[in-house]
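Here the structure comes first, spelled out in structure tokens, and everything after it is commentary.
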Amino acid sequence: MDDALWSKLSVEAGVEVDELITAGRNVQALKVMREYIGLPRPALWDCVEALQERADVLEVSGPMRSRASSD
């Protein structure tokens, strides 16, 4: 897990991102993560990698997980 990015989120933001990932709303999860982290915004790819790792932690199947496991 990219702790550097994840640690920039408040507990509430982390819960919201987890809920979005679990619901399969990955684009919204990326948007929320980047908004909560603020400026300078992290690179989109860095957020995608962090969310893929988070989906693995949450044991969520779906697009984020399948892309991460196909590498």
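The values are calculated or read from the model by the stated rules, or taken from the named source; none is laboratory data. Here the structure is a predicted model, which means the values were calculated and not measured. Please note: Cβ atoms are built from the backbone with ideal geometry, for glycine as well, and neighbour counts cover all protein chains shown.
Does region 15-43 hold any residues that are surrounded by fewer than 16 Cβ atoms within 10 Å (Cβ to Cβ) and within 18 Å of Val60 (Cβ to Cβ), and which are they?
First, pick out the residues of region 15-43 that are surrounded by fewer than 16 Cβ atoms within 10 Å (Cβ to Cβ): 15, 19, 22-25, 27-28, 31, 35-36, 38-41, 43.
Listed by number, the residues that qualify are Val15, Glu19, Thr22, Ala23, Gly24, Arg25, Val27, Gln28, Lys31.
Among the residues that make up region 18-26, is at least one of them within 18 Å of Lys8 (Cα to Cα), assigned to a helix (DSSP H, G or I), in contact with a Phe, Trp or Tyr (Cβ under 9 Å, 6 or more places away or on another chain) and touching a residue at least 24 places away in the same chain (Cβ under 8 Å)?
No, the conditions are met nowhere in region 18-26.
Quick one: is Ala68 part of a helix (DSSP H, G or I) and either exposed (fewer than 15 other Cβ atoms within 10 Å of the Cβ) or modelled with pLDDT under 90 (or both)? Give the steps one after another, and end with the answer.
On the way: part of a helix (DSSP H, G or I): yes; either exposed (fewer than 15 other Cβ atoms within 10 Å of the Cβ) or modelled with pLDDT under 90 (or both): yes.
Spelling it out, Ala68 is indeed part of a helix (DSSP H, G or I) and either exposed (fewer than 15 other Cβ atoms within 10 Å of the Cβ) or modelled with pLDDT under 90 (or both).
Identify all residues within region 1-22 that are more than 16 Å from Gln52 (Cβ to Cβ) and among the small types (Gly, Ala, Ser); write none if there are none.
Correct list: Ser7, Ser10, Ala13.
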